[in-house]
Amino acid sequence: MGVEIRPATINGENHSEGVNIGAPVVLGLQPFALVDHIAKVDWSLLSQIPGERGGSFPVAVEELKHILNELNAHILPSTDNESLLKTIAGGSVANTIRGLAAGFGISSGIIGACGEDEEGKLFMSNMGFYKVDLSRLRLKNGTTAQCVCLVDEVGNRTMRPCLSGSVKVQADELKREDFKGSKWLVLRYAILNVEVIKEAIKIAKEEGLFVSLDLASFEMVRKFKSPLIELLESGNIDLCFANEDEATELLRGEEKADPDAALEYLAKRCRWAVVTLAQNGCIAKHEKEFVRVPAVGEAKVTDATGAGDLFASGFLYGLVRGLSLEECCRVGSCSGGSVIRSLGGEVTPENWQWMYKQMQTNGLQLPEPSKSSVVT
């Protein structure tokens, strides 16, 4: 597969135009560009899908095709005139980066690879619309990865990405210039990406970047714990995000395996450690400081897809702006709460406005209107 080392383009249009000149403040590494297919479905389809409900674990091409073919027969009717099936740029890191650019006005870019196919065009168009810097996105011959996000009637999501045969950025394709001048590198743990993650961390630390790692899913932690522990024990992870299921899985088999114990474990290895607790908010620790922050706003869960990713957007915004640990958590609760109000990991303009209102009510620093992609 040939790699084109140039700004990503669609039909000759340069989609890195309009981004902030200079290096993005926050860089996301998502080796596989990914397109999400999100739908609300009944339990009968979920019972056909291998693996546990609520997790995220790769499937083969044949399984992806089977799920997509079955969707129409199992989609639940919409109660609010929302599209029954959404297809958007996806992936945990892409969700976080898009959120930072769109809702918080933080200059952000993504490192990865996508195919020169319809899914690749969709990924670039969607991310480029929000002024995400795509100049580090490699275009390759081949297919772009896809993921099916199945949402049940109460908003819980089960994700099945298909990465088989899809193009990705390799460890030896990373360049120092990709990282130079940026402040943060955002990563998501995945066993298929361990080598490129390690290389990215190596270059990032040499260039003085902070590194953020999300634990991905309880299934990934359970099945591939040893490489994850190695990453955490390296001392190179500055910030770690885990939800309560991932946190519990991380310490499974230990005398105490719960979110509080996991937070202590992570805080000894990372400068900042955060465990999100769904409707119960989050707990976080930085050095000796510990905070427990409740969820913000009234609960309205349409789809939990992207909740942790957008929490990370808000938390990172807080760190970039120099906010306190508690304020970072509260902003994260606002942004995480915004995305669950509609289908998919892309926050709607109406829900960004909801978030800004929550931030204002809670006395939190609002993004500069001129930098946000959302009209306020």
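Key figures for this structure:
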read-out: All positions within region 320-339 that are crowded, with 24+ Cβ neighbours inside 10 Å and either aliphatic (A, V, I, L, M) or touching a strand residue (DSSP E or B) at 6+ places or on another chain (Cβ under 8 Å) (or both); value: 328, 329, 330, 331, 332, 333, 336, 339
read-out: Cβ-Cβ under 9 Å pairs, at least 6 apart or on other chains, region 47-65 side free of Cβ contacts under 8 Å to residues at least 12 places away in the same chain, far side assigned to a strand (DSSP E or B) and crowded, with 20+ Cβ neighbours inside 10 Å; value: 65/162
read-out: Residue within region 272-289 that is farther than 22 Å from residue 315 by Cα and of a type in the set (Gly, Ala, Ser) present; value: no
read-out: Residues of region 40-92 that turn out to be β-branched (Val, Ile, Thr), surrounded by fewer than 17 Cβ atoms within 10 Å (Cβ to Cβ) and assigned to a helix (DSSP H, G or I), as a count; value: 1
read-out: Whichever residue in region 180-199 is closer than 12 Å to residue 231 by Cα and not charged (D, E, K, R) and, among such residues, is surrounded by the fewest Cβ atoms within 10 Å (Cβ to Cβ); value: 191
read-out: 2 or more residues closer than 14 Å to residue 329 by Cβ, in contact with a strand residue (DSSP E or B) (Cβ under 8 Å, 6 or more places away or on another chain) and not hydrophobic (A, V, I, L, M, F, W, C): qualifying strands (runs of 3 or more DSSP E) within region 219-303; value: 282-286
read-out: Selected residue (criterion: nearest to residue 186 (Cα to Cα)) from residues of region 287-310 that are open to solvent by less than 10 Å² (accessible area, probe 1.4 Å) and of a type outside the set (S, T, N, Q); value: 310
read-out: Members of region 128-174 found to be open to solvent by 40 Å² or more (accessible area, probe 1.4 Å), farther than 14 Å from residue 114 by Cβ and in a strand (DSSP E or B), listed by number; value: 157
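For every residue, the table says whether it meets (1) within 15 Å of the chain's Cα centre (by Cα); (2) on the phi > 0 side of the Ramachandran plot.
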| position | (1), (2) |
| --- | --- |
| 22 | no, yes |
| 34 | yes, no |
| 43 | no, no |
| 59 | no, no |
| 122 | no, no |
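Let's see how each residue does on (1) touching a residue at least 24 places away in the same chain (Cβ under 8 Å); (2) within 21 Å of residue 127 (Cβ to Cβ); (3) β-branched (Val, Ile, Thr):
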| site | (1), (2), (3) |
| --- | --- |
| 308 | yes, yes, no |
| 311 | yes, yes, no |
| 315 | yes, yes, no |
| 323 | yes, no, no |
| 326 | yes, no, no |
| 348 | no, yes, yes |
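The values are calculated or read from the model by the stated rules, or taken from the named source; none is laboratory data. Quick caveat: nothing in here was measured; it's all calculated off a predicted structure. We place every Cβ from the backbone using ideal geometry, glycine too, and count neighbours over all the protein chains shown. The area values use the complete protein model at the heavy-atom level, side chains included, leaving out ligands, DNA and RNA. Shrake-Rupley method; radii C 1.70, N 1.55, O 1.52, S 1.80 Å.
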